[in-house]
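Following: one structure in structure tokens, then a few remarks.
The values are calculated or read from the model by the stated rules, or taken from the named source; none is laboratory data. This one's a predicted model, so the numbers in the text were calculated from it and none came from an experiment. Note that we place each Cβ from the backbone using ideal geometry, even for glycine, and neighbour counts take in every protein chain shown. The accessibility values were calculated without ligands, DNA or RNA, using every heavy atom of the protein model including side chains. Shrake-Rupley method; radii C 1.70, N 1.55, O 1.52, S 1.80 Å.
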There are 2 protein chains.
Amino acid sequence: MKNKNIKIIGFDADDTLWVNEPYYRNTEKKLCQILEKFTPLENSKKLLYEIEIKNLPIYGYGTKAFTLSLIETALKASNNQINGIDIEKIVTLGKNQILQENEILPGVKETLEQLSKKHVLIVATKGDLLDQERKLLNSGLLDYFHHIEVMSDKKVSNYNRLLKHLDIKPDQFLMIGNSLKSDILPVVELGCQAIYIPFHTTWEYEKVSDKDLPVGKYVEIKNISELLKLI
Amino acid sequence: MKNKNIKIIGFDADDTLWVNEPYYRNTEKKLCQILEKFTPLENSKKLLYEIEIKNLPIYGYGTKAFTLSLIETALKASNNQINGIDIEKIVTLGKNQILQENEILPGVKETLEQLSKKHVLIVATKGDLLDQERKLLNSGLLDYFHHIEVMSDKKVSNYNRLLKHLDIKPDQFLMIGNSLKSDILPVVELGCQAIYIPFHTTWEYEKVSDKDLPVGKYVEIKNISELLKLI
């Protein structure tokens, strides 16, 4: 890394600082079970994904958007035959996911503690503003960050706006995250630095084909503690 | 106003820059009509309000939160007897509200154009991040603002964090908005300046009793164009 250039380090939150995707997959599984009387599990799963992607421009990311897509999936999978009791169960699935206890990933606290002594750290995450603020507040990690930037998406244009708002040049920004699509590719395209830390579960939508990877433009590590050797 | 002190002017968005609350009331009316086969209009309206307030800490503000509360109201008002077709109608009510064309209030564009020549303007709004970014982008007002701050709530602690993030002292911040509860009271408490522009429709939750008003601590004007004489 070109350490001396780095002015601000941005951390993705979900599945970089704390567990997230497994909760979505768990809720998905429960939805598919509720809908099994109408259609096989695999059909509901596929339908939910299609509806989520269709709704992204309208609803954006986060658990409220997800819950609305769960309900729409239930209506479609059942041809509107689903009853109120099952709809209520689905609303509750969404609420339980929002209120799910936040599980910090191993090594995160120690690494942030060290890094925050020498660098300005921010959280740069998409998802729901209230959810992310609540998770950060409950994480015990708040003091390590200068502030949180919740972004409506993580495309090149969003990062461009972020750099302007932070008033820094691209090579002064290092982004760290678990999504090649959202945390690595767009920032590399802007000339920022990037470190990729894969997580064991990735949402289908965030997957990137190997041929689209910008070889040599980012660093991959296995776990967050390795940052201390790199930065 | 202590003009020479002002470094940043924050504008509330909904019902200050553009129409918002009437769309909520219109959707509420349509929900109550759908539910009229189960319960009188006034009961549904009261139930929706109770459910919205109960859900605020979980869902926060914005149309996705509102849509989820509409669905929950329908389930409760019908004792879970509502059918899939009606639930689908309610999901569509929410989507239509999100996709509703944004109507800028009279005088806003001209006023911002003048003010932005001499002052740093920001949007400081609660609600849904994606919704507010989209509305600002489609408003033609984007260029007048340095950036947009979407806040998960507008309490004293949120404004305190905002001032820290903006790196200014309280008396260097002027907030302008249509909600005494969200735009005026908390900023006045922090020692900021505030200008109140009432809007004809106010959500029950945002109403403030006359006895709680900090007399002499803020200025009230009838329409946004009057700002040009004040600042």
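Miscellaneous remarks
- For the stretch A:123-158, a decrease in accessible area of 40 Å² or greater in the assembled protein chains relative to the isolated chain, with a 1.4 Å probe, applies to A:Leu129, A:Leu130, A:Glu133, A:Ser152.
- Convex hull volume per residue in cubic angstrom - Cα atoms of the stretch B:1-59: 135
- Heavy-atom accessible surface of the protein assembly as shown: percent carbon and sulfur, 1.4 Å: 50
- Legend: mean number of C-beta atoms from other chains within 10 angstrom of residue C-beta atoms, peptide A:56-68, equals 5.
- Relative to the dominant Cα principal axis of chain A, helix A:108-118 is inclined by about 30°.
- Going by accessible surface with a 1.4 Å probe and the largest first, B:Thr201, B:Thr27 read B:Thr201, B:Thr27.
- Taking only the Cα atoms of the stretch A:153-231, the ratio Rg/Rh comes out at 0.96, with Rh defined as the Kirkwood radius.
- The stretch B:1-145: Cα Rg divided by the 2.2 N^0.38 Å rule of thumb: 1.27
- For the stretch A:97-231, radius of gyration divided by Kirkwood radius, i.e. Rg to Rh on alpha-carbons: 0.93
- For trypsin sites (Lys or Arg not before Pro), the sites in the stretch B:169-220 that DSSP calls loop and that have at most 11 other Cβ atoms within 10 Å are B:Lys207.
- Accessible area of A:Asp212 (1.4 Å probe, protein heavy atoms only, ligands and nucleic acids ignored): about 80 Å².
- Using a 7 Å projection from Cα along Cα-to-Cβ, the label point at A:Lys7 is separated from the same position in the remaining copies by 1.7 nm, smallest value first.
- Antiparallel DSSP beta bridges within the stretch A:103-231, percent to nearest 5: 0
- Semi-axes of the equivalent ellipsoid for the stretch A:30-79, computed as √(5λ) from the eigenvalues of its C-alpha gyration tensor and ordered from largest down, come to 19, 10, 9 Å.
- Under-5 Å amide H pairs with B:Gly10, H placed in peptide plane, nonlocal only: B:Ile122, B:Leu174, B:Met175, B:Ile176
- For the stretch B:1-34, applying the loop criterion from DSSP together with a ceiling of 13 other beta carbons within 10 Å to the trypsin sites (Lys or Arg not before Pro) yields B:Lys2.
- Amide proton proximity set for B:His147, modelled H, under 5 Å, gap of 5+: B:Val123
- Rounded, prolate or oblate (a/c below 1.5 giving rounded, otherwise prolate when a/b exceeds b/c) for the protein assembly as shown by Cα gyration tensor: oblate
- Vicinal HN-Hα couplings computed from phi for the stretch A:34-41 (Karplus, 6.51 cos²θ - 1.76 cosθ + 1.60; Hz; Gly/Pro x): 4, 8, 4, 6, 9, 7, x, 3
- In this simple spin-label model, placing a label point 7 Å from the Cα along the Cα-to-Cβ direction at both B:Asn79 and A:Glu101 gives a separation of 3.8 nm.
- B:Glu21 sits among other residues whose Cβ lies under 11 Å from its own Cβ, and their net charge, with Lys and Arg +1 and Asp and Glu -1, is -4.
- Helix B:63-77 vs. chain B, principal-axis angle (Cα, 0 to 90°, nearest 10): 30
- Candidate lysines for bridging to A:Lys29, where Cα separation is under 24 Å - those fewer than 8 sequence places away on the same chain excluded: A:Lys37, A:Lys45, A:Lys46, A:Lys54, A:Lys64, A:Lys76, A:Lys89, A:Lys95, A:Lys126, A:Lys135, A:Lys207, B:Lys64
- Rolling a 1.4 angstrom probe over the protein heavy atoms with all chains in place gives the stretch B:1-141 an accessible area of 43 Å² per residue.
- Helix B:84-99 axis, angle to chain B major axis (alpha carbon atoms, nearest 10°): 20
- Column: log10 I(q)/I(0), Debye, Cα scatterers of the stretch B:75-127, q = 0.23, 0.25, 0.27 Å⁻¹: -0.98, -1.03, -1.07
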